[in-house]
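Since every read-out is calculated from the coordinates, none of them should be taken as a lab result. None of the values given here were measured: they were computed from a predicted structure. Here the Cβ positions follow ideal geometry from the backbone for every residue, glycine too, while neighbour counts run over all protein chains shown.
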Amino acid sequence: MKVKYLSMFLLMGVLILTLSFSPLSNPVTAQQIRTPGASPETSTSLAAISTSVSPEAAAAAMGVESGDLISATFNGSASQGIGVGTTPLGAFFPTDGDTFLILSTGQAANAELANISGDLSTTLGGLNNSQGEDLVQLELTLQVPDNMTCAGFDFAFYSEEFPEYVGSSYNDAFTAELGGFNQTIIGNTITAPWNFAFDTEGNIISVNTVFIVTAETGTTYDGATPLLRAQTPVSPGSSIVIVLSVQDLGDSDYDSAAFIDNFMWSDDPECTSGALIISNFLFLPLIVK
Ligand SMILES: [Ca+2]
Ligand SMILES: [Ca+2]
Ligand SMILES: [Ca+2]
């Protein structure tokens, strides 16, 4: 008898536990919505990336000389998405001087965290794209020197979306546009006719870029492009507007970032629009300081 009562007791216990832990949500819906872990709080001890910087300080960090800067604005972007790196980070940055600019779809200060999370995510306030997802921008109005015909800068694109969401609707992107912000989003595709930071096949720099990607990023992000240089022809002596943007696509989770530095003018008569690899991972040991 004792064994029989014990069996009934155990069976009831199992039934109660099963009912208690049954999922309440529709499993189909749950598969469609990503639920990353909580983003770590940024610590004040992580002092190598400054946030709450002015647009002018952001421009200076990426190498724009103050004499060439007419104006700068973040267009209402969340201040946590913009950082100035003051010590070396990743394989390449800074590429000029002591500082570089970080534009992130999450907290820029998190870029230097150890890569202990595969789903680092922050939903920012401030500016959003037409999907309602995180958009972080620096808009520069610049005076082109009289003898210069080309503008360019160094950058690399980092994303927590690598490698699991390549080819998906979560196609976070970086763009650099000449003339203003002029984009349309349909599904996971951004159309940006004024963008000059496109890859060798004319695609936007995004999670789906044709540039090779490494997992050894030296940052908190799970993947990064090589060091790239974008350039565009400009009219000597004119004033120009350049809009640098990073944005989440699909949802505002799994953050991405662009590191930007070494803004430059040149009188290169061969200057054409686009981005090219200027340093590859093959040379990584030579580049790491
Ligand atoms: Ca990560
Ligand atoms: Ca985000
Ligand atoms: Ca994302």
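Please give the charge dipole size of segment 148-289, origin at the Cα centre, charges +1 on K and R Cβ atoms and -1 on D and E Cβ atoms. Round to the nearest 20 debye.
That gives segment 148-289 a dipole magnitude of about 400 debye.
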For this session: Pop a pseudo-label 7 angstrom from the Cα along the beta-carbon direction at both residue 130 and residue 35 and give the gap in nm to one decimal.
Result: 3.3
Exercise. If you rank 157, 74 by fewest surrounding Cβ atoms within 10 Å, what's the result?
Worked result: 74, 157
Exercise. Expressed in nm to one decimal, what extension gain is obtained for the pair residue 203 and residue 70 from 0.36 nm per residue of sequence separation less their Cα-Cα distance?
Worked result: 44.9 nm
Seminar exercise, completed: In order over segment 212-218: 3J(HN,Hα) from phi, Karplus 6.51/-1.76/1.60, θ = phi - 60°, whole Hz, x for each Gly or Pro, gives 5, 10, 10, 8, 8, 8, x
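Just check segment 135-289 against the gyration tensor rule for me: Cα atoms, a ≥ b ≥ c as the square roots of the eigenvalues, rounded for a/c under 1.5, and otherwise prolate or oblate depending on whether a/b exceeds b/c.
Working: a/c = 2.11, a/b = 1.34, b/c = 1.58.
Oblate, since a/c reaches 1.5 and b/c is not below a/b.
Quote the charge dipole size of segment 46-287 about the Cα centre in Debye, to the nearest 20; the model charges only the Cβ of Lys and Arg (+1) and of Asp and Glu (-1).
Charge dipole of segment 46-287: 180 debye, to the nearest 20.
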For this session: Could you calculate the contour length gain from residue 182 to residue 115, that is, 0.36 nm times the residue separation minus the distance between their Cα atoms, to one decimal place in nm?
Result: 20.7 nm
Problem set entry | Relative exposure of 70, 185, 204, judged by other C-beta atoms within 10 Å (fewest first) | 70, 185, 204
Problem set entry | Signed unit charges on C-beta, dipole axis of segment 59-174, positive-most listed residue 159, 144, 129 | 129
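Determine, from the Cβ-Cβ distance of residue 239 and residue 96 and an R0 of 25 Å, the FRET efficiency 1/(1 + (r/R0)^6), rounded to the nearest 0.05.
The value I calculate is 0.60.
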